[in-house]
Amino acid sequence: MAHLFEMIHPNFFSVLASPNKKTYVDCIFIIYNAVDSIEESFQGDREYVVQRLIDYFDDKESEEFADVSEDEKASTSRQKANHVINVLKNNGWIGEEELGDYKTSINLFDYSIRIITILDDIVNARQDEYTGEIFAIYSLLNAFTKEEGIGVIEQAFQKTNEVIRKLKTLKANIYRYYFDVTKKQSKQDLQKILEKLLVEYKQNFFDSAYYNLKTKDSLPRYKRGILSGVSNIYDNVEVMDHLANLVMQTKRIDDYNVAFEYLETRLRFITDSFSALENLILDIDRKNEQYISATASKILFLTNHSDDIEGIFNRLFKLVLNDDDFEYNSIIHMAQIKNLDTYSLYNQRRVRMDSEPEELYLDDDFITDEKKREKIALMLKHNMYSKKEINKYVLEILNGSKEILASELQISSQEEYVKLILIFLYSKSIGMSYDIDLLDYEAKTNFVSFKNFTIKVKR
């Protein structure tokens, strides 16, 4: 497995940890937007990019770069733009390509594009949408054909994986809000908490991400159809064989078993994901209720100015917390106190006493002869129903014949009836000398009715 820094520059993230990180991030977004078009395809003329950076530094207040040496100067906007490009190039964010005619292009690497896209989503607070995702999986599987089978399964697999990832991200997003309210040590006033709950949380969680999943694109509406579609493919031997051969051609896999396993893994992932999806949604609902409850408790705490005990304590806490010079030791004295009495849960230790074993004497009449005979009879009874004894019993019945009908056996006792059942059950076991063929008509022998079968010697 390749290491991360074998794929990207070792100093890639140093730009985001630089003292001038805010300026560098702004410039990264400017470069990204300058070369993000169908015509450019993340490759743009260097002079055009430099001009965009110059416009940025012209509008920005003067800032000194901490990583500029004394030999370099970055006082003008052009010098600052060239410095930023050199820093990003030296740390693996961008590359330069000579096009000829004294022209140079700036190219973004594939990993740079992915990371910049993620940073842009975080900055602009973009939330994942689920509208139509589950319906798309349902439509793909119910429009399945053998000819387009591989593409359908791949698309359904990717969309299922994407839905699961988005829901896990949503749960983590709720935890971030919950952490800000309960764990983060910040002095938030009532107005900020209400804005976070009624505006930011509502827009990012309910309006954008979760509403459609609980209403129009709900899981119970399509789950059965999706599981049924996967089952129809997986249970059809002919279809699975055809698809496995297609996988060998399209994925260039030489081994049929590997191709079949590749196909089977994707189908099982879809089934397992949608079977467990309801639990994930319940976890999200619980986390949402937890956040709402914690926020409501904090709002009640901040708004409680009543004259009851809780209100009095709230006002006291505010007075103490708002006074930085308050001496807690003057009113609070904490000490560890332990009380031990006879009604305590504590169990007093006792002196360990070593026990002396006594010899056990058994009387000769401890087990009577009658008991012994009963135990021997019981052991023999269990032994006669073993695989070995049933196999021996069948060979005695056949008595040199190649086969015999089960209806021809004499069944006059419960033991013989049990043996008939065991003959049928043990027939496919390893080491048995006989086999059976089930017939399509019923037989009746004495007090027993059953579906007849042939008992035959194995070849």
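Taken together, the values in this text are just the output of simple stated rules run on the coordinates, not laboratory data. Quantities reported herein were computed from a predicted structural model and do not represent experimental measurements. Here Cβ is always computed from backbone atoms with ideal geometry, including for glycine, and neighbour counts include all displayed protein chains.
Overview of results
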| quantity | calculated |
| --- | --- |
| Inter-probe distance in nm under a simple model that places probes 7 Å from Cα toward Cβ, at ASP285 and LEU398 | 6.0 |
| Chain lengthening between LEU4 and ASP26 when straightened (0.36 nm per residue, less Cα-Cα) | 5.4 nm |
| Linear extension gain, TYR48 paired with ASN86, 0.36 nm per residue minus alpha-carbon span | 12.1 nm |
| Label point at ASN11 placed 7 Å out along Cα→Cβ; residues across the range 86-108 whose backbone nitrogen lies under 15 Å | 86-95 |
| Full-stretch length increase - THR104, ASP440 - with 0.36 nm per residue and alpha-carbon distance subtracted | 112.7 nm |
| Phi-based couplings in Hz for the range 149-165 (Karplus 6.51, -1.76, 1.60; Gly and Pro marked x) | x, 5, x, 5, 5, 4, 5, 5, 5, 5, 5, 5, 4, 5, 4, 4, 4 |
